[in-house]
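K.L.:
Before I ask anything, let me first share the structure, which is written out below as structure tokens.
The values are calculated or read from the model by the stated rules, or taken from the named source; none is laboratory data. Since the model is a prediction, treat every value here as computed from it, not as a measurement. Every residue, glycine among them, receives a Cβ derived from its backbone with ideal geometry; neighbour counts consider all protein chains shown. Calculation scope for accessible area: heavy atoms of the full protein, side chains included, ligands and nucleic acids excluded. Shrake-Rupley method; radii C 1.70, N 1.55, O 1.52, S 1.80 Å.
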Amino acid sequence: MSDSEQLVIYQLHIFILGISPMIWRRVKIRSDSTIADLHYIIQIVMGWTDSHLHRFIIHGKHYGIAQIGGMWFSDDPKVVKLSDFGWRGRERFLYEYDFGDNWQHQIRVEAILTPESNCFYPVCISGKRACPPEDCGDSWEFMAQKQEYSLRYIASRCSEILEEGDIPGNIEEMYELRQWLMVNHFDHQKVNQRLQQYAAGDKEMLFEQEIV
């Protein structure tokens, strides 16, 4: 960051469109963070696994990290800083993840703050509910499946598997049942541990760890 640029903190509110009750996060991020940083931070705080294509739409232009066979972006996401956009309070932009399931995240700049010396950034200050399981379908399918995987159904199915005595043979289904059991849970502390790991540059295995 040059001497003429003043470091600020953007407080962002992120939520997935088309889902009720709302799945949301509130994060604080440095203005000298890049578009690539913002992508990974959203993946971490929402609980996604960075398994699909993505893009930002900011001021009518597309940004993101290009992947083989995916979209191409004209700007290097590791060079474009958030400060380059000149955001103001209440400004909004879009982040799309998984063009098959089409998870659209609306991001709103809630506040532009002065950095605090006793705080680390990025940090997630609040949120509600886990993100949908990967590859579960669009928002309507997610809400329908959420009703189908009721606590009563999950308990009944787990009991059946235990009675069958073949847990290893049903391990994938057990994992799926656990995902739906935890669908209303958001582990705020674990998310911030992973954000600290990201900020420290320790990205190994970052998206192979499960957030519950």
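K.L.:
On the protein heavy atoms, probe 1.4 angstrom, tell me the percent of accessible surface of segment 1-123 carried by carbon and sulfur.
P.N.:
Using a 1.4 Å probe with all protein chains present, segment 1-123 comes out at 47 percent carbon and sulfur.
K.L.:
Using alpha-carbon pairs under 8 Å, 6+ residues apart, how would you state the relative contact order of segment 6-120 in percent?
P.N.:
35
K.L.:
Mind checking which of H59, I41, I161 is farthest towards the positive end of segment 32-177's charge dipole, using Cβ charges of +1 (Lys, Arg) and -1 (Asp, Glu) about the Cα centre?
P.N.:
Working it through, the farthest residue towards the positive pole turns out to be H59.
K.L.:
Another one. Tell me, what is the FRET efficiency for N184 and C119 to the nearest 0.05, using R0 = 22 angstrom and their Cβ-Cβ distance as r?
P.N.:
After rounding to 0.05, the efficiency reads 0.20.
K.L.:
Also, I was wondering about something else. Which angle between 0 and 90 degrees, to the nearest 10, do you get for helix 188-199 versus the longest principal axis of the chain when only C-alpha atoms count?
P.N.:
Approximately 50 degrees, to the nearest ten.
K.L.:
For the chain, what does the accessible surface come to per residue with a 1.4 Å probe? Please give it in Å².
P.N.:
Roughly 54 Å² per residue, with all protein chains present.
K.L.:
Normalising by the residue count of the chain, find the relative contact order in percent from Cα pairs under 8 Å and 6+ residues apart.
P.N.:
Relative contact order comes out at 25 percent.
K.L.:
Would you mind classifying the chain by shape? Square roots of the alpha carbon gyration tensor eigenvalues, ordered a ≥ b ≥ c; an a/c under 1.5 is rounded, otherwise it is prolate if a/b is larger than b/c and oblate if not.
P.N.:
Since a/c reaches 1.5 and a/b is larger than b/c, the shape of the chain is classed as prolate.
K.L.:
List nothing, just return the count: lysine pairs in segment 66-212, 8 or more apart or interchain, with Cα separation under 16 Å.
P.N.:
4
K.L.:
Here is a further query. How about segment 3-83: which chymotrypsin sites (Phe, Trp or Tyr not before Pro) there are in a DSSP loop, with at most 12 other Cβ atoms within 10 Å of their Cβ?
P.N.:
Sparse-neighbourhood loop chymotrypsin sites (Phe, Trp or Tyr not before Pro): W72.
K.L.:
Rank F142, Q193, I171 by how far each Cα sits towards the positive end of the charge dipole of segment 101-212 (+1 on Lys, Arg Cβ; -1 on Asp, Glu Cβ) and give me just the farthest.
P.N.:
Q193
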